[in-house]
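I have placed the structure first, in the form of C-alpha cells, so that the comments after it can refer back to it.
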Amino acid sequence: MATAPVEAKVKAATTSTFVASLILAVLNAVSADSTLLDPLPGWLQAVIVALVPTAVTYLAAWQARHTPRPAPVEPPVQGL
C-alpha cells in the first residue's frame with residue numbers, strides 16, 4: 001500500500017495544521033508583548049496555543065471529502 005495516493009483528508013489536515021501553527025508563530029513573533037492572550041492566565045494561554053492547531057486539524061479533516069477507494073479484487077478460486 002506504499003504506492004497508494006495520499007487521501008484528501010490527510011492533505012487538508014496537514015496543510016491546515018501547518019498554516020494555523022505558522023499564523024500562531026507569526027502572531028507571537030510580531031506582537032512580542034502577547035496582548036492577544038494577556039488577560040488569560042499563563043497555563044490557559046499554553047492550553048489555547050496547543051489546542052488551536054488541533055481544533056483546526058480536526059475541523060479540516062472532518063470537512064474534507066473522503067477519497068474513494070476501488071473495491072478490492074478477490075482472486076479466483078482454483079482447484080474446484
Name the pairs: first residue in the range 48-76 and touching a residue at least 60 places away in the same chain (Cβ under 8 Å), second residue acidic (Asp, Glu), Cβ to Cβ under 7 Å, at least 6 apart or on different chains?
-> 67/7
Any residue in the range 63-75 that is surrounded by 12 or more Cβ atoms within 10 Å (Cβ to Cβ) and either of a type in the set (Gly, Ala, Ser) or at pLDDT 80 or above (or both)?
-> yes
List every residue pair whose Cβ atoms lie under 8 Å apart, where the two residues are 6 or more positions apart in sequence or sit on different chains, the first residue falls within the range 1-13 and is farther than 22 Å from residue 63 by Cβ, and the second residue, located anywhere, is surrounded by 14 or more Cβ atoms within 10 Å (Cβ to Cβ) and modelled with pLDDT of 80 or more.
-> none
In the range 1-37, the residues that are at pLDDT 70 or above and of a type in the set (Gly, Ala, Ser) = 8, 12, 13, 16, 20, 21, 25
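The values are calculated or read from the model by the stated rules, or taken from the named source; none is laboratory data. Keep in mind it's a predicted model, so treat the numbers as computed, not measured. In this analysis, Cβ positions are derived from the backbone assuming ideal geometry, glycine residues included, and neighbour counts consider all displayed protein chains.
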